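Please read the structure below before turning to the comments.
The values are calculated or read from the model by the stated rules, or taken from the named source; none is laboratory data. Since the model is a prediction, treat every value here as computed from it, not as a measurement. All Cβ positions, glycine included, derive from the backbone under ideal geometry; neighbour counts span all protein chains shown. Surface accessibility is based on the protein's heavy atoms, side chains included, excluding ligands, DNA and RNA. Shrake-Rupley method; radii C 1.70, N 1.55, O 1.52, S 1.80 Å.
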Amino acid sequence: MYLCTIEIRKMDILTQDIMYLTGVGPNRKKLLSNELGIETFGDLLEYYPYKYVDRSKVYRVDELTGEMPFVQVVGRILSFETFDMGPMRERVVAHFSDGTGIMDLVWFNGGKYAKQNYKIGQDYLVFGRPSVFNNRIQVQHPELEAIDHSSLNFEHSAAQTSADANNGQWSMINVQCKMRPYYNTTEKMKKFNLTSRAMERLARNLIERLKEPMAETIPDFITARLHLMNRDQALRTIHFPQSAKELERARVRLKFEELFFVQLNILRYASDQRRKYRGYVFNRIGPVFNTFYYDHLPFNLTGAQKRVMHEIRHDVGSGRQMNRLLQGDVGSGKTLVALMAMLIALDNGFQACMMAPTEILAEQHLTTIRELLQGMEVRVELLTGIVKGKKRQEILDGLLDGSVQILVGTHAIIEDTVQFRQLGMVIVDEQHRFGVAQRAKLWSKSRPSAGGGTIPHVLVMTATPIPRTLAMTLYGDLDVSIIDELPPGRKPIQTTHVFESRMTSLYDGIRRQINQGRQVYFVFPLIEESEKIDLKNLEQGFETLCQVFPEFRLSKVHGRMKPRDKEEEMQRFVRGETQILVATTVIEVGVNVPNASVMVIMDAQRFGLSQLHQLRGRVGRGADQSFCILVTSYKLSEITRKRIDIMCQTNDGFRIAEADLKLRGPGDLEGTQQSGMAFDLKIADIARDGQLVQMARDEAQRIVDEDATCSSAKYEILWNRLAQLHKTNINWAAIS
């Protein structure tokens, strides 16, 4: 990964070991480091609160009801009572009054601590959620803070009162209380009394210690033009805001900064790659492409496919390396576009390869490509882990002498022993299954004499539609093409939600489909029964379906089967020897059976939206009407109901992806975590901060266009900060 060679400023106080902050010490340092990754002052400063409670209003006891949210009251404890609740358990109640009424403070745990530490007659600020018990207001497990009248200034809804110990009279308190931050903590931290309140105290200690303004990371002329709060003020405000408006301004500043440096990193990297490497110039559309286009094309291209081909032809003829992401739903015709891109390479004297994440998917691509090229003199070979011995050596020799023109395979393609005579086009399918380094390794597969600083063109494909803001960040160095039309003759899949109680009716509908010559998938979330979660499992489900459909033949596939056995069962279904395929999600990618018209997903509530959409894409691949049935129990959470409703309402993968991003967040999107692309964003949310993502990208693009070599003094502060960030534990190399 390229870095600007600009001297980084000297270490500042934020790099200081957290152990030396008042209230931490060696033991707490170890806990903070292990549980939250907080090791320095700066780490703590960037450990932001997850919520805030407005503590500016203080209520009277006689104003409280059991329907209120969290409230605070100022008064004093009149007395304690203890109630026995059985062996080793007691309930402690403190009777509390502000002069307008009496309420109870209740502890089911920690009552002994309350009696020892809270004093009768002392004024306290009580915070908690009120409820009603025996016609009296009570607050269970309240927060209590002893009042220092010289420093508090509460705003009361009416007359704020403080008890006079002798005559019961009450005097006015007139000070403003701030919004209180709340910090996420772990169970282990709580056991050692590192609660949210303790984290608040540590944050306050740190901010009070920071006497000098914290260094800015974005030039003043940018923050002024974008009306952003300065960094020092934002970092102080995010922990202890004076108002909701001030908090929002701090959030915007810190979110923008986070997103901006991600985008600056991506765009600077892409710019550097364009300057460092050229792409082979494919200026010829010759006999291979034309023969296929005019004599072998199975159907007329859709408008979307034609548009993407124009974009690809422009890229490969421009002299710069093509780096393009091709998005499109299952069955939209991405493989056909990829094949035509490879044929352009062949017409210009180059070889091409296609890398897929699984052997099943690689074999499917091989079969599809050979069928499309049937009758043409193009040598297409397969290279996976199971291709060994003499056959493997023949393929390796054919790659070196150029007789193998198209190679389809798995990650076996990037092994050191695999070298091409002249590789000009690389297709990577289901990119989220591969790391960035694996993609880049394909560039070095041509012999050195093939072109020095010139590298193959790259077309990345995914059937998982990626929301625009996520694509801008996950694949920010790639140009994006979208196929948003299905080939002619395809009918939209009808998706239905069915409760388990209606399985008999569902079985009848499936029997009718099979009797019409169709095939059916049944997908289960587990292989074996789990004692912890009550789910239907594949083994039990297979037995049940054998009993329900004794007249039909069934196959069973799951991830724990030997590859050969799994492949044989799959092929039986592909050949039509079995009518029902019972499987786990191993069929999510790489199964193409046009005759299959029904997808039944059991316990659909256990799947994410993207996974449900991928599974649904296994049907609808032929001209017949297809169906997807989502089977669940009656007990569903609100989020699960939303997922099911979205699936039933639309087949649009991009709408589903946007909804999935909002429901689950970018780090949970399928594939992003296992490929090393989960985000370490501390405050920004790509799902909800789309406008800020775009604003950050526009600003970053403006700077890279103006200072592509990272050498302008005008932007020195930015390149210094980016270099600093590369030394943190954020996986910056993956965010590109």
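Within the range 100-116, does at least one residue satisfy the condition of being surrounded by 19 or more Cβ atoms within 10 Å (Cβ to Cβ), hydroxyl-bearing (Ser, Thr, Tyr) and closer than 24 Å to Thr65 by Cβ? Scanning the range 100-116, I find no residue that is surrounded by 19 or more Cβ atoms within 10 Å (Cβ to Cβ), hydroxyl-bearing (Ser, Thr, Tyr) and closer than 24 Å to Thr65 by Cβ, so the answer is no.
A quick yes/no check of all residues on (1) modelled with pLDDT of 90 or more; (2) among the aromatic types (Phe, Trp, Tyr):
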residue	(1), (2)
Glu246	yes, no
Arg249	yes, no
Phe256	yes, yes
Leu259	yes, no
Ser271	no, no
Arg275	no, no
Phe282	yes, yes
Pro287	yes, no
Tyr294	yes, yes
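Scanning the range 71-98 for residues that are out of contact with any helix residue (DSSP H, G or I) (no Cβ under 6 Å at 6 or more places or on another chain), assigned to a loop (DSSP other than H, G, I, E, B) and open to solvent by less than 50 Å² (accessible area, probe 1.4 Å) turns up just one, Gly86.
Can you tell me how many residues within the range 638-666 are of a type in the set (Phe, Trp, Tyr) and over 16 Å from the mean Cα position of the chain (by Cα)?
We begin by selecting, within the range 638-666, every residue of a type in the set (Phe, Trp, Tyr); these are 654.
Among the residues that remain, those that are also over 16 Å from the mean Cα position of the chain (by Cα) are: none.
Total satisfying the criteria: 0.
For the range 710-720, the count of residues that are surrounded by fewer than 15 Cβ atoms within 10 Å (Cβ to Cβ), at pLDDT 85 or above and outside any loop (DSSP other than H, G, I, E, B) is at least one.
The lone criterion from (1) under 21 Å from Thr473 (Cα atoms); (2) of a type outside the set (S, T, N, Q); (3) without any contact (Cβ under 8 Å) to a residue 40 or more places away in the chain left unmet by Glu258 is number (3). Taking each residue of the range 312-323 that is without any contact (Cβ under 8 Å) to a residue 60 or more places away in the chain and looking for partners that are part of a helix (DSSP H, G or I) and not aliphatic (A, V, I, L, M) with beta-carbon atoms closer than 7 Å, six or more apart or interchain, yields Arg320/Arg274. Annotation note: Cβ proximity below 6 Å between a residue of the range 414-433 that is closer than 17 Å to Leu361 by Cα and a residue that is at pLDDT 85 or above and in a helix (DSSP H, G or I) (sequence gap 6+ or interchain) occurs for Ile427/Ala338. When the range 380-414 is filtered for residues that are assigned to a loop (DSSP other than H, G, I, E, B) and closer than 14 Å to Met354 by Cα, the ones remaining, listed by number, are Thr384, Val404, Gln405, Thr410. Scanning the range 615-652 for residues that are at pLDDT 90 or above and among the aromatic types (Phe, Trp, Tyr) yields one hit, Phe627. Per the conditions (1) more than 21 Å from Thr22 (Cβ to Cβ); (2) out of contact with any helix residue (DSSP H, G or I) (no Cβ under 8 Å at 6 or more places or on another chain); (3) outside any loop (DSSP other than H, G, I, E, B); (4) touching a residue at least 60 places away in the same chain (Cβ under 8 Å), the sole criterion not satisfied by Asn205 is (1).
When the helices (runs of 4 or more DSSP H) confined to the range 243-349 are screened for residues that are closer than 24 Å to Ala471 by Cβ and open to solvent by 40 Å² or more (accessible area, probe 1.4 Å), those reaching at least 3 such residues are found at 244-276, 303-316.
Leu14 meets all of the listed conditions (1) modelled with pLDDT under 90; (2) over 24 Å from Arg197 (Cα atoms) but one, namely (2).
Quick one: in the range 476-496, which of the residues that are farther than 20 Å from Met309 by Cβ and surrounded by 16 or more Cβ atoms within 10 Å (Cβ to Cβ) is nearest to the chain's Cα centre (by Cα)?
The initial filter retains those residues of the range 476-496 that are farther than 20 Å from Met309 by Cβ, namely 476-477, 489, 491-496.
With the extra rule that they be surrounded by 16 or more Cβ atoms within 10 Å (Cβ to Cβ), the set shrinks to 476-477, 493, 495.
Numbers: Gly476: 15, Asp477: 18, Ile493: 27, Thr495: 25 Å.
The selected residue is Gly476.
Here Ser530 clears all of (1) more than 21 Å from Gly620 (Cβ to Cβ); (2) hydroxyl-bearing (Ser, Thr, Tyr); (3) open to solvent by 20 Å² or more (accessible area, probe 1.4 Å); (4) modelled with pLDDT of 75 or more except the condition numbered (4).
Leu669 falls short on exactly one of the conditions (1) surrounded by fewer than 20 Cβ atoms within 10 Å (Cβ to Cβ); (2) modelled with pLDDT under 90, and that condition is (1).
Listed by first and then second residue, the pairs with beta-carbon distance under 6 Å, at least 6 apart or on different chains, first residue in the range 484-506 and closer than 19 Å to Asp624 by Cβ, second assigned to a strand (DSSP E or B) and open to solvent by less than 90 Å² (accessible area, probe 1.4 Å), are Ile493/Cys628; Gln494/Phe627; Thr495/Cys628; Thr496/Ile629; Leu506/Val498.
The numbered conditions (1) under 19 Å from Phe524 (Cα atoms); (2) touching a residue at least 24 places away in the same chain (Cβ under 8 Å); (3) within 28 Å of the chain's Cα centre (by Cα) are all true for Lys635 except (2).
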